[in-house]
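> Okay, here's the structure, questions in a sec.
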Amino acid sequence: MRCSTGSACIRWVTADPTHPMSSFDLADEIAALAAGGLQRGRRILETPQTARVTVDGRDYLAFCSNDYLGLANHPRLIAAARAGAERYGVGAGASHLILGHSTAHHALEDALARFVQLPRALLFSTGYMANLGIVTALVGRGDAIFADKLNHASLNDAALLSRAEFKRYPHRDLAALERLLAASHARRKLVVTDAVFSMDGDLAPLPELLALCERHDAWLLLDDAHGFGVLGTGGRGMLSHFNATSPCVIYMATLGKAAGVCGAFVAAEGEVIETLIQRARPYIYTTATPPLLAHTLLVSLDLIATEEWRRERLTQLAALLRARLHMKRWRLLPSPTAIQPLVIGANDAALGVSSQLAERGLLVPAIRPPTVPRGTARLRISLSAAHDVDDIERLATALNELQ
């Protein structure tokens with residue numbers, strides 16, 4: 001059919017031709033999101049990612065980003081990116097298994113494996129793709145996945161795509177997990193968990209999880225997106241933080257948060273990595289990331305390992321914020337990390353507080369369902385080594401006055 005303008009139109013066809021066409025109106029769905037305080041919007045960032053930004057033409061002090069170590073705009077990383085572009089060009093031009101795997105990618109994989117002290121590592125374009133690739137390559141029909149209920153969406157989506165049996169246990173409930181593992185007769189068992197839970201800021205009970213996995217012959221996929229670079233000796237992440245080792249662990253971490261650049265990697269036993277190279281579809285069927293980014297990340301790894309003051313500052317700033325906040329109506333969750341969640345409750349209330357802070361030149365995002373459970377809308381305060389004491393004092397004063 002043709003529109004009045006002469007251009008082709010899409011005609012919606014239903015199983016029941018008497019069903020009103022308006023039920024397929026996307027505008028109604030968007031309006032419902034807005035009415036429930038759930039519609040998202042995008043701000044336009046006009047400056048590099050750092051503590052002080054210009055957004056939509058106005059200057060702000062930002063507590064929004066996952067640039068925990070303040071590396072996203074580091075001069076050494078900018079110089080490394082320029083040098084990488086000069087040496088390797090801009091695009092990879094092909095997938096890793098065709099001709100896109102450069103010396104920069106290979107060197108970074110070797111460096112990452114050494115850094116987290118696991119046998120091999122494999123690069124992915126994003127953490128989301130890494131989780132999809134790991135889970136769907138290792139388990140399928142006849143297998144079982146056991147997941148913490150507060151896991152990141154990428155782990156849940158991966159489990160559904162895998163077609164394995166998908167069981168979820170209450171947050172950090174080891175007894176419930178053990179009951180599920182003991183009752184399972186699956187061919188392969190995979191436990192999946194965030195290391196640092198991105199909306200609560202708390203840690204997975206890693207030593208106990210590893211013990212359960214070893215006892216029940218299961219793999220443990222640990223998503224350390226928010227712990228890599230921040231936790232552990234030299235920023236080596238959650239495994240180092242707990243001084244934990246096990247051949248059953250499959251370690252995933254992202255490179256666009258504390259590392260300040262882009263991408264993700266998986267580190268594990270050699271057989272696991274080789275299986276991912278052969279079977280992980282998000283790895284096989286996508287163009288490799290630009291090698292200039294891998295070249296840049298080699299410098300980022302050095303900064304993570306050597307500049308301990310960045311992690312020390314994060315710890316000090318988090319402690320200061322918690323000491324300065326005096327909450328009466330709202331609840332600050334007990335987080336030992338750079339993620340400091342302040343639970344407000346209702347969606348509109350969280351949006352209102354976020355808006356009032358923005359009027360004062362402070363950007364703090366309001367997080368709402370489905371990212372968090374209904375009734376727990378919150379401010380997700382993200383701290384960075386790029387912040388200073390005065391920044392924390394300013395934020396705490398504003399929050400204390402608004403509650």
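The values are calculated or read from the model by the stated rules, or taken from the named source; none is laboratory data. Being a predicted model, the structure only gives us computed values, none of them experimental. Glycine gets a Cβ as well: all are built from the backbone with ideal geometry, and neighbour counts include every protein chain shown.
> If you scan segment 258-276, which residues turn out to be touching a helix residue (DSSP H, G or I) at 6+ places or on another chain (Cβ under 9 Å) and either at pLDDT below 95 or not in a helix (DSSP H, G or I) (or both)?
ALA258, ALA259, GLY260, VAL261, CYS262, GLY263, ALA264, PHE265, VAL266, ALA267, ALA268, listed by residue number.
> For segment 1-54, give me the residue count where each residue is over 28 Å from ALA377 (Cα atoms), at pLDDT 85 or above and hydrophobic (A, V, I, L, M, F, W, C).
Final tally of qualifying residues: 0.
> When you go through (1) surrounded by fewer than 19 Cβ atoms within 10 Å (Cβ to Cβ); (2) of a type in the set (Gly, Ala, Ser); (3) out of contact with any Leu (no Cβ under 6 Å at 6 or more places or on another chain) one by one for SER198, which number turns out not to apply?
Status for SER198: all satisfied but (1).
> If you scan segment 41-58, which residues turn out to be β-branched (Val, Ile, Thr), surrounded by 12 or more Cβ atoms within 10 Å (Cβ to Cβ) and part of a loop (DSSP other than H, G, I, E, B)? Break it down stepwise before answering.
Initially, segment 41-58 is screened for residues β-branched (Val, Ile, Thr), giving 44, 47, 50, 53-55.
Pick out the ones that are also surrounded by 12 or more Cβ atoms within 10 Å (Cβ to Cβ) and you get 47, 50, 53-55.
Listed by number, the residues that qualify are THR47, THR50.
Residues are listed down the side, and each one gets a yes or a no for (1) basic (Lys, Arg); (2) out of contact with any strand residue (DSSP E or B) (no Cβ under 7 Å at 6 or more places or on another chain):
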| residue | (1), (2) |
| --- | --- |
| THR254 | no, no |
| TYR283 | no, no |
| PRO291 | no, yes |
| LEU303 | no, yes |
| ARG322 | yes, no |
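> Still on this structure: Could you please tell me which pairs satisfy a Cβ distance under 8 Å, a separation of 6+ or placement on different chains, a first residue in segment 236-260 that is within 17 Å of ILE304 (Cβ to Cβ), and a second residue that is surrounded by fewer than 20 Cβ atoms within 10 Å (Cβ to Cβ) and hydroxyl-bearing (Ser, Thr, Tyr)?
Short answer, once both residue conditions are applied: LEU239/THR245; SER240/THR233; THR254/THR126; GLY256/THR126.
> Could you tell me whether ALA80 is among the hydrophobic types (A, V, I, L, M, F, W, C) and surrounded by 15 or more Cβ atoms within 10 Å (Cβ to Cβ)?
When the stated conditions are applied, ALA80 passes them.
> Would you confirm, using the coordinates I've provided, whether VAL389 is within 29 Å of MET238 (Cβ to Cβ) and free of Cβ contacts under 8 Å to residues at least 60 places away in the same chain?
no
> Anything in segment 205-254 that is β-branched (Val, Ile, Thr), surrounded by fewer than 19 Cβ atoms within 10 Å (Cβ to Cβ) and not in a loop (DSSP other than H, G, I, E, B)? List them, or say none. It would help to see each step written out before you state the result.
Residues of segment 205-254 β-branched (Val, Ile, Thr): 230, 233, 245, 249-250, 254.
Applying the additional criterion that residues be surrounded by fewer than 19 Cβ atoms within 10 Å (Cβ to Cβ) yields 233, 245.
If the condition is that a residue be β-branched (Val, Ile, Thr), surrounded by fewer than 19 Cβ atoms within 10 Å (Cβ to Cβ) and not in a loop (DSSP other than H, G, I, E, B), then THR233 is the only one that fits.
> Moving on. Consider only pairs whose beta carbons are under 6 Å apart and that are at least six residues apart or on different chains; among these, list those whose first residue lies in segment 365-382 and is touching a residue at least 60 places away in the same chain (Cβ under 8 Å) and whose second residue is of a type in the set (Val, Ile, Thr) and part of a loop (DSSP other than H, G, I, E, B).
From residues that are touching a residue at least 60 places away in the same chain (Cβ under 8 Å), the pairs are ILE381/VAL364.
> With (1) of a type outside the set (Gly, Ala, Ser); (2) free of Cβ contacts under 8 Å to residues at least 40 places away in the same chain; (3) touching a helix residue (DSSP H, G or I) at 6+ places or on another chain (Cβ under 9 Å) as the list, and GLU109 as the residue in question, which single condition is left unmet?
(2)
> Counting just the residues of segment 27-40 that are within 25 Å of the chain's Cα centre (by Cα) and either in a loop (DSSP other than H, G, I, E, B) or among the acidic types (Asp, Glu) (or both), which one comes out surrounded by the most Cβ atoms within 10 Å (Cβ to Cβ)? I'd like the intermediate steps shown before the answer.
Step one: list which residues in segment 27-40 are within 25 Å of the chain's Cα centre (by Cα), which gives 33, 37-40.
Add one more test, that the residue is either in a loop (DSSP other than H, G, I, E, B) or among the acidic types (Asp, Glu) (or both), and what stays is 37-40.
Numbers: GLY37: 17, LEU38: 15, GLN39: 13, ARG40: 7.
Here the answer is GLY37.
> Still on this structure: Taking ARG163, is it under 20 Å from the mean Cα position of the chain (by Cα) and basic (Lys, Arg)?
No.
> Does segment 89-112 contain any residue that is touching a strand residue (DSSP E or B) at 6+ places or on another chain (Cβ under 8 Å) and among the acidic types (Asp, Glu)?
yes
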